[in-house]
Amino acid sequence: MGSCRSKEEIISPLDKIKTPSQIILKETLSGYVEILLQDYEKILTQKIVPSNPQTMHEFDKIIKFTIQKALQKYKDMTINFSSKEDVQEEIKNYRLYLISKCKLKEGYFRFINNYHSFEFVYELKKNLIQELNDEKLTVTECVSEYKKLAKGSYLLEGLQDLHDAVELPLEKRLKFITNKANTIRQELEDNRNQLLRI
């Protein structure tokens, strides 16, 4: 059955092929899944960009919408197939297979979005701290600008880091932000390596 285990491995539809028509059906449905998976990846690549990282809630909505769109296209592609039970069972299996492959890719795109958010927030904090140190901003203005401009899944963690940084002596603020960023960057790199192994 096409489903996704907790280890995020893809499970292909299992069936006993007996006739040429079953072979053709399997090849056709497999081709549909590959086309729809490419569409799914293309949509996410366009929506998950460095300049506009998404919050977790926004990301979840994008994933849900994109999977629903792929499933609707799959339904449209198979709507005129035979109503025979074995054909409909195979269509169902490949539908689950499509969901499985989309869910597997979700982890990769979630990582990309998190990384974009981390870098976006880091650069913003660094610039705001520098302006605060140069006395171009007050602490209140610095925090206010951050709240207005920060984006993505690291928004709240970045806000806490900013609060912690402004409490430090002027000469330690940027070093604190940089050290924290290096720690998070290493964690993200470890996550990326785990995803690649999967």
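The values are calculated or read from the model by the stated rules, or taken from the named source; none is laboratory data. Predicted model, so just to flag it, every value in this text is computed and none were measured. Positions of Cβ are generated from backbone atoms using ideal geometry, with glycine treated the same way; all protein chains shown enter the neighbour counts. For the accessible areas, the whole protein counts, side chains as well, though only heavy atoms, and no ligand, DNA or RNA atoms are used. Shrake-Rupley method; radii C 1.70, N 1.55, O 1.52, S 1.80 Å.
Per-structure values
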| item | result |
| --- | --- |
| Accessible carbon and sulfur surface of the chain relative to its total accessible area, %, 1.4 Å | 53 |
| Solvent-accessible heavy-atom area per residue, rounded to whole Å², over the chain at 1.4 Å | 61 |
| Accessible-area value, LEU155, 1.4 Å probe, nucleic acids and ligands omitted, Å² | 50 |
| By average C-beta atoms within 10 angstrom, highest first, the peptides 98-109, 114-125, 20-31 | 114-125, 98-109, 20-31 |
| Separation in nanometres of the label points that stand 7 Å from Cα toward Cβ, at LYS75 and LYS103 | 1.9 |
| Cα principal axis extents for the range 117-196, largest first, Å | 44, 25, 15 |
| Dipole in debye (nearest 20) - the range 20-110, about Cα centre, beta carbon charges: Lys, Arg +1; Asp, Glu -1 | 300 |
| Computed lengthening from ILE198 to LEU156, 0.36 nm per intervening residue step minus Cα-Cα distance | 12.2 nm |
| Whether the range 99-159 is rounded, prolate or oblate, judged on the alpha carbon gyration tensor where a/c under 1.5 counts as rounded | prolate |
| Spin-label model distance (nm) - ASN52 vs LEU149, 7 Å beyond Cα toward Cβ | 1.9 |
| The chain, relative contact order [Cα under 8 Å, separation at least 6], % | 27 |
| Relative contact order for the range 117-196, counting Cα pairs under 8 Å that sit 6 or more residues apart, in percent | 34 |
| Accessible area (Å², 1.4 Å probe, nearest 10) - LYS75 | 120 |
